[in-house]
Amino acid sequence: MSRQVFLYDPPDRFVAGTVGMPGRRTFFLQATAGPRTTSVALEKTQVAALAERMDELLDEVVRRSGGNAAVPAVAPTEIADSAPLDTPVEEEFRVGTMALAWDGEEERMIVEAQALVELEADSEEDLAEAEERLLQDEENGPPMLRVRLTGAQARAFAKRALDVVNAGRPPCPLCSLPLDPEGHVCPRQNGYRRGA
């Protein structure tokens, strides 16, 4: 079966968002161009890592260009996107591997998210070899979402993604674990229930 690549170059919209209540949220990346929308599910930590690395890469591009790259220092407010995910949210796949790159010629951020694939191998070495072959297989690899963004779009994506990650349950002031609406058993309180 040939690899399915969902390409958005450029997208009309590329955002991170959630479905569900805090504590039970499912995180998605969603790309839209015209009538076409692709949604892929991923973990909260993956969204946070993607946003942080994107900001770091953009900062490095600005530094290396001496400030001449078409990358704003902060997310432009005029393209901020706080709208919910487009519905219906239909998961194409669950993300396993993500990659970021900067195309210096076209001044575009390239975001790739590949589907999670279960591999079986007899040893760690065989597993690493199988993973490398799978990721390099352009024709038969796992499904992939590939999005090309301007510097401004990338900054706006990163800001929104971090806002979405931080919009969950508030942390306990004592142990930093998330507080549920009904409270939680705080290890710093020796097992006593702490209210929200």
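The values are calculated or read from the model by the stated rules, or taken from the named source; none is laboratory data. Everything quoted here is computed from the prediction, not taken from an experiment. When we count neighbours, we look across all protein chains shown, and the Cβ atoms used for this are built from the backbone with ideal geometry, even at glycine. Side chains included, ligands, DNA and RNA excluded: accessible areas come from the protein's heavy atoms. Shrake-Rupley method; radii C 1.70, N 1.55, O 1.52, S 1.80 Å.
Points to keep in mind about this one:
- Where labels lie 7 Å past Cα in the beta-carbon direction, separation of residue 26 and residue 80 in nm: 2.9 nm
- Rounded to the nearest 20 debye, the dipole size of the range 1-153 about its Cα centre is 880 debye, using +1 on the Cβ of Lys and Arg and -1 on the Cβ of Asp and Glu.
- Percent carbon-and-sulfur accessible area, the chain, ignoring ligands, DNA and RNA, probe 1.4 Å: 48 percent
- Integer Hz, Karplus 6.51/-1.76/1.60 couplings in order for the range 99-110, x for Gly and Pro: 9, 10, 8, 10, 8, x, 5, 9, 6, 10, 8, 10
- Working note: 222 nm ellipticity from helices only, DSSP H runs with n ≥ 4, each -39,500 (n - 2.57), summed and divided by the residues of the chain, gives -8500 deg cm²/dmol to the nearest 500.
- For the range 1-30 versus the range 31-89, the gap between their alpha-carbon centres in whole angstrom: 12 Å
- For the range 70-82, 3J(HN,Hα) computed residue by residue from phi via the Karplus equation (6.51, -1.76, 1.60; θ = phi - 60°) reads 7, 10, x, 5, 10, 5, x, 5, 5, 10, 4, 10, 10 Hz, glycine and proline entered as x.
- Rg/Rg_ref, the range 1-106, where Rg_ref = 2.2 N^0.38 Å and atoms are Cα: 1.19
- In this structure, the amide hydrogen of residue 93, modeled 1.01 Å from its nitrogen in the peptide plane, lies closer than 5 angstrom to those of 41, counting only residues at least 5 positions away or on a different chain.
- Here the Karplus curve 6.51 cos²θ - 1.76 cosθ + 1.60, taken at θ = phi - 60°, turns the phi angles of the range 168-182 into couplings of x, 5, x, x, 5, x, 9, 10, 6, 6, x, 8, 7, x, 8 Hz, with x standing for Gly and Pro.
- Cα coordinate range in the chain, projected on the principal axes (Å, largest first): 57, 51, 37
- Ranking 13, 188, 108, 24 from most to least accessible surface, computed with a 1.4 Å probe over the protein chains only, gives 24, 188, 108, 13.
- Spin-label model, residue 166/residue 94: points 7 Å from Cα along the beta carbon direction are separated by 2.9 nm.
- Surface analysis of the range 30-137 yields an accessible area of 63 Å² per residue, using protein heavy atoms and a 1.4 Å probe.
- A protection proxy built from the mean count of other Cβ atoms within 10 Å ranks the segments 64-76, 161-173, 28-40, most packed first, as 28-40, 161-173, 64-76.
- Comparing 41, 30, 85 along the charge dipole axis of the chain, the residue lying farthest to the positive side is 85, per the Cβ-charge model.
- Rel. contact order, % - alpha carbon contacts under 8 angstrom, at least six apart, the range 43-144: 18 percent
- Span-like helix ranges in the chain, DSSP H, alpha carbon extent 30 angstrom or more, Kyte mean at least -0.5: 44-65
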